[in-house]
Amino acid sequence: MIAGISIYEIFTVTSILFFIGIYGFITRKNLISVLISIELILNASVVNFVVINKYLYPDMLQGVIFSIFIIAVAAAETALAVSIIINLYRQISSVEVKDTEIMKY
Amino acid sequence: MEKYIFYILSAIIIVFALASVSSRKMLRSVIYLLFVLCGIAGIYFLIDYNFLAAIQLTVYAGGIVVLIIFSVLLVHHIEMELEMVKMPRKILTVLLCVLGLGVFLYTIYNNDFNVVENYITTNTSDIGTKLLSYDSGGFILPFEVISLLLLASMIGAIVIAKGRKLNDKNNG
Amino acid sequence: MNISYTILIPLIPLAVFLLLGINSKKIKPAISGYIGVLGLTISTVLSFYTAYQYFFVQGKVDGVYQTFVNKSVWMNFTETLHIDMGVLIDPISVMMLVVVSIVSLMVHIYSRGYMKGDDGYTRFFSFLSLFTFSMYGLVLATNLFQIYIFWELVGVSSFLLIGYYYTKPSAVSAAKKAFIVTRFADLGFLIGILIMGYFTGTYDFETLNNPEGSVILNWAATSFMGLSVITWALILIFIGGAGKSAMFPLHIWLPDAMEGPTPVSALIHAATMVVAGVFLVARLFPMFYFVENGFALNVVAYVGAFSALFAAIIAITQTDIKRVLAFSTMSQLGYMMLALGVSGYDGHEGVGYMASMFHLFTHAMFKALLFLGAGSVIHAVHSNYLKDMGGLRKYMPITNITFLIAALAIAGVPPFAGFWSKDEILVAAFEHNKLIYYIGVFVAGLTAFYMFRIYFGIFWGKEKTYEHKPHESPLSMTFPLMVLALLSIVGGFIPFSEFITPDKLGFEAHLNYPLAAIATGVGLLGIILAWVFYKKENSLSDKYATAFGPFYKWTSDKFYFDEIYLFVTKKILFNGISRPFAWFDRNVVDATMNLIGNSTVKTSKSIKGLQSGKFQDYAFSFVMGAVIIAIVFIYLWTN
């Protein structure tokens, strides 16, 4: 609980961060930039979990602990994503999104 | 006092996030992400959740960003300028995001949250006890599952990133 | 009288048709000939037995010949309106059984010799049996629909047999023409049947023909444009009959039908199929006589008389002997129709009906004989045309004598068969309608003239040079000639009036000497004229031909009716009706189908971009979908 800040303001911030992440995911042309956008999204959701726990249900710990799990999963997923990107780079010598379009009509 | 710190932190977060997704240079984008992550850690500190703030800084800022930087160095010429998408797509996406944001905020602001005033600091020992307890409400199972997940992702990363050349050298 | 065995009479030729038709490649020609003749012999024996039983053993009951019917319901529409299949035994159907059997059997025996060595020998016999089956079914029919079914079957058999030499284009188009013209007439027939069925509520002959029955008594119930609907129905049915019997103006197919082999012409287009129209009018005679005081019967009489005259005039100028015989058939059919047309009903008044059936009987004999004899000549000389024939009496004595007998019969010289029947026709005409009588007498003279023209032209006159010496035909071909000649001599002495009358009572007929003398005289005059013109080769005929000038040309071109019909069909029907319909079908109907297909392809091409393989597009759609669903639920939720 932060003195003087209502929950609405925090939600506003996290929502803006979430949608910036979505914008980046849809817009960027580089696979690693897409990865970075995913990180933003994940972080926004983690903050949401913690804030709700802290503001609305202070005697429970579910949100807090779940946020730990989210961070763990995000880390694992980023590691795997990077290894895939590196393997892909070896095959097609490029990390542009437009070179990964072969599964189409 | 906390109010102002919060406002500064949120300004940092938002500005650097925007910069991160619209930067033309790869490395700068990663560094801006780093700043965003630090800002978020600051919010965790403000909210009396020191443990997670520490984890955020260690894992995210220290681990993931470093990983991303390594991959950037592996696949890129560092000074290469990134291509940006064309204007129509950008406008469309901005519109979508604004629309989505509108939906979110409309819903949020029309809901009454029963805020409970408190200034409890989350103890690390409480978290640890909860994480490893067998009672109802204990998180021992997700804890074990997460460890399995991490193992799987490690093995997966190694296998995928090993590539063919190393394989052929080992077998042939 | 037990008539259950009569169903075998049509079924045996049907079985022969199926047997020969299915195994046409496997059966050796000689065997198929024997099978065909055997099957037909059995049917002939059964027909004679039926006739004997019916006329002599059963005889008249209370002075009237009974009608025997064996039928079963095939399609049921209402209580009274149903289509049956069955057998009807009554004086004219028994007589027709005898006629069809004799002529068909003779043609079968003849064909064994005539078609020898031909590739499609088995096919020919199977078609002949099909035709015989259809004809038997037609004469034994118990109701209008059954007769229509067999009518169409007979038409199909005729088509198959005319187009027997299917590699010759002229034969194929002749077969098509025959079928299409008769089919067109059958349209009238069908409409007549439907009107009849609708307004009288029945198709059955016994119910329709009953003079005291409700159908005939109520003929004036409904009328249309001044005439009763029953009269219209009868006229339409007569149109069907006129098509089959080659009455004017539906006669155009008969000369072309001579493209078929000669036994076919003898069987179908002389003796049996073409009399189906006459038979139909005779079958419905009580209706024709009583409804609207015989209005339809008058139509029949005038059409018949005109056709007789028309055909006789054209026959004088034709050079192909089979064409002359075809027009002669048309003319004699005209006689039969006009005899029916001038007939009364009761007792002695019914002499026209009797004469028509009698002439049908005798005409079958001598016309079949004429055709078979012509076939014999064509077989020897390998040409149909008069100019290639002459002086054949030395080489073909049997054909000569039999042909002479038939020609005398058709000219109406006593004591041959044709004299008796033609005389009765003229008596009937004299008593009812003098104009028709005069036309009849004139046509009798013309008949004698053109028939002896070809007789003298073939067997007398100057001998032409032949490729190889013509020889008499083998026994299989001359045997039927002799049998038919015998029948043409004695056939006239059968007391027909005892057996066949409209009221089924029978009466004694007496010879009317003055009229007989006039008829014989006119016939002899025709023979003498032909003698003068044609016995020795001279240019008398050419002089007269040029004297007639353009009229001669019109006549020898058959008054251009073929050309008129062709013009109407090609220019008016095809261009006016068929082409627009074809255009519509191709451009509107097909285009609609193509449009559906093409638009599907175009739509799929335009939306296949949705699966672009770009995951960012997928994410975009995903987020947009989620946002829209959220908006919808929030909006709905607040409501």
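With Cβ to Cβ distances under 14 Å as the rule, what net charge do the other residues near A:Asn48 carry (K, R +1; D, E -1)?
Once all neighbours under 14 Å are counted, the net charge is 0.
Using only Cα atoms, locate the centre of region A:50-78 and the centre of region B:27-59, then give the distance between them in Å, rounded to an integer.
Centre-to-centre (Cα) distance: 14 Å.
I'd like the mean, over residues of B:101-107, of how many other protein chain beta carbons sit within 10 Å of each residue's own Cβ.
6
Give the relative contact order (percent, whole number) for chain B; include only Cα pairs under 8 Å separated by 6+ residues.
Computed value for chain B: 17 percent relative contact order.
What do you get when you divide the Cα radius of gyration of region C:502-575 by 2.2 N^0.38 Å, with N the number of residues?
Taking the Cα Rg and dividing by 2.2 N^0.38 Å, one obtains 1.94.
Can you list the aspartates and glutamates whose alpha carbon is less than 15 Å from that of B:Lys90, not counting same-chain residues fewer than 8 positions off?
Cross-link targets: C:Asp617.
Once the other residues with Cβ under 12 Å from the Cβ of C:Ile147 are scored (Lys, Arg +1; Asp, Glu -1), what is the net sum?
-2
Taking a 20 Å limit on the Cα-Cα distance, which of the listed pairs A:Lys98/B:Lys162; C:Lys322/C:Lys469; C:Lys387/C:Lys462 fall beyond it?
Cα-Cα > 20 Å for A:Lys98/B:Lys162; C:Lys322/C:Lys469; rest within.
What FRET efficiency would be calculated for the residue pair C:Val532, C:Asp557, taking the C-beta separation as r and a Förster radius of 25 Å, to the nearest 0.05?
Efficiency, from the Cβ-Cβ distance: 0.45.
Would you mind checking which residues have amide H under 5 Å from C:Gly260's amide H? H placed 1.01 Å from N; only 5 or more apart, or other chain.
none
Students often forget the sequence filter, so: which aspartates and glutamates lie under 15 Å Cα-Cα from C:Lys535 once same-chain residues fewer than 8 apart are removed?
Those aspartates and glutamates meeting the cut-off are C:Glu463.
With no solvent and one equal point scatterer per Cα, compute the Debye intensity ratio I(q)/I(0) for region B:1-82 at 0.11, 0.14, 0.15, 0.16 Å⁻¹ and report its log10, rounded to two decimals.
-0.33, -0.51, -0.58, -0.64
Which FRET efficiency value, to the nearest 0.05, is calculated for B:Ile8 and A:Ile102 with the Förster distance at 35 angstrom and r the Cβ-Cβ distance?
0.15
Per 20 Å bin from zero, what fraction in whole % of the C-alpha pairs of chain C is there, up to the bin with the longest pair?
Pair shares across the bins are 18, 49, 21, 6, 5, 2.
Step through the residues of region C:285-290 one at a time and calculate ³J(HN,Hα) from phi using the Karplus curve (6.51 cos²θ - 1.76 cosθ + 1.60, θ = phi - 60°), rounding each to whole Hz and writing x for Gly and Pro.
Whole-Hz 3J(HN,Hα) from phi for region C:285-290: 4, x, 5, 4, 6, 7.
With label points built 7 Å along Cα→Cβ from the Cα atoms of B:Arg28 and B:Ile158, find their separation and express it in nm.
4.0 nm
Quick one: what does P(r) look like for chain B with 5 Å bins over all Cα pairs, in whole %?
1, 6, 8, 11, 14, 15, 15, 13, 8, 5, 2, 1, 0, 0
If you add up the charges near C:Tyr335, with Lys and Arg at +1 and Asp and Glu at -1, over every other residue whose beta carbon is less than 13 angstrom from its beta carbon, what do you get?
So the surrounding residues net to 0.
Averaged over every viewing direction, what's the projected area of the C-alpha convex hull for chain A? Give it in nm², one decimal, please.
8.2 nm²
Could you work out, residue by residue across C:624-637, how many beta carbons of other chains sit within 10 Å of that residue's beta carbon, and then give the average as an integer?
For this peptide, the per-residue mean of nearby foreign Cβ atoms is 3.
When ranked by the protection proxy of mean other Cβ atoms within 10 Å per residue, highest first, what sequence do the peptides C:388-396, C:48-56, C:96-104, C:185-193 form?
With the highest mean Cβ count within 10 Å placed first, the list reads C:96-104, C:185-193, C:388-396, C:48-56.
With each label point set 7 Å from Cα along the Cα-Cβ vector, what nm distance links C:Ile629 and C:Thr80?
Here the modelled spin labels are 7.3 nm apart.
Please give every one of the aspartates and glutamates within straight-line cross-link reach of C:Lys504, meaning a C-alpha to C-alpha distance under 20 Å, and leave out same-chain neighbours fewer than 8 residues apart.
Filter leaves C:Asp62, C:Asp90, C:Asp204, C:Glu206, C:Glu212, C:Asp346, C:Glu349, C:Glu424.
Roll a 1.4 angstrom probe over the protein heavy atoms and tell me the percent of accessible area of region C:508-639 that is carbon or sulfur.
71 percent
So what is the diffusion coefficient of the protein assembly as shown in µm² per second by Stokes-Einstein at 4 °C and 1.567 mPa s, using a Kirkwood Rh over Cα pairs?
The Stokes-Einstein estimate is 36 µm²/s.
Sort B:12-23, B:97-108, C:230-241, B:48-59 for me by packing, meaning the mean count of neighbouring Cβ atoms within 10 Å per residue, highest on top.
Per-residue mean Cβ counts within 10 Å order the peptides as C:230-241, B:12-23, B:48-59, B:97-108.
Which residues' amide hydrogens lie under 5 Å from the amide hydrogen of C:Trp74, considering only partners 5 or more residues apart or on another chain, with H built in the peptide plane?
Under 5 Å from the amide H of C:Trp74 lie the amide H atoms of C:Ile83, C:Asp84, C:Met85, each far enough along the sequence or on another chain.
Remind me, relative contact order of chain C in percent, using alpha carbon pairs under 8 angstrom and six or more residues apart?
In percent, rounded to a whole number, it is 12.
Report, in deg cm²/dmol and to the nearest 500, the calculated mean residue ellipticity at 222 nm for the protein assembly as shown, where each DSSP H run with n ≥ 4 adds -39500 (n - 2.57) and the sum is divided by the residue count.
Counting only the DSSP helices, I get -22500 deg cm²/dmol.
Using θ = phi - 60° and the Karplus relation 6.51 cos²θ - 1.76 cosθ + 1.60, list the HN-Hα couplings for region B:133-140 in order, rounded to whole Hz, with x at every Gly or Pro.
Result, rounded to whole Hz: 8, 8, 6, 5, x, x, 10, 5.
What FRET efficiency would be calculated for the residue pair C:Phe295, C:Lys605, taking the C-beta separation as r and a Förster radius of 56 Å, to the nearest 0.05?
Between C:Phe295 and C:Lys605 the formula returns 0.20.
Within region B:1-32, name every residue whose backbone N is under 16 Å away from a label modeled 7 Å from Cα of B:Arg89 along the Cβ vector.
The answer is B:21-24, whose backbone nitrogens lie closer than 16 Å to the label point.
Between C:Phe184 and C:Asp118, what is the label-point separation in nm under the 7 Å Cα-to-beta-carbon projection?
2.8 nm
Can you tell me which of A:Leu40, A:Leu31, A:Leu61 moves the most in a GNM of chain A? Springs connect C-alpha atoms under 10 Å apart.
Most flexible of the set in this elastic network: A:Leu61.
Can I get the semi-axes of region C:335-395's equivalent ellipsoid? Compute them from the C-alpha gyration tensor as square roots of 5 times the eigenvalues, in angstrom, largest first.
With the √(5λ) rule applied to region C:335-395, the semi-axes are 38, 10, 8 Å.
Counting partner chain Cβ atoms within 10 Å of every residue's Cβ in A:54-66, what's the average?
So the per-residue partner count for this stretch is 5.
Along region A:2-18, what does the Karplus equation 6.51 cos²θ - 1.76 cosθ + 1.60 (θ = phi - 60°) give for ³J(HN,Hα), rounded to whole Hz, x for Gly and Pro?
These are the phi-based 3J(HN,Hα) values: 9, 5, x, 10, 7, 5, 4, 5, 5, 4, 4, 4, 5, 5, 4, 4, 4 Hz.
Peptides C:365-376, C:583-594, C:509-520: what's the order by average Cβ count within 10 Å, highest mean first?
So the peptides C:365-376, C:583-594, C:509-520, ranked by packing, come out C:365-376, C:509-520, C:583-594.
The values are calculated or read from the model by the stated rules, or taken from the named source; none is laboratory data. All values reported here derive from a predicted model rather than from experimental measurement. Cβ: placed from backbone, ideal geometry, glycine included. Neighbour counts: every protein chain shown. Heads up: the accessible areas ignore ligands, DNA and RNA and are worked out on the full protein's heavy atoms, side chains in. Shrake-Rupley method; radii C 1.70, N 1.55, O 1.52, S 1.80 Å.
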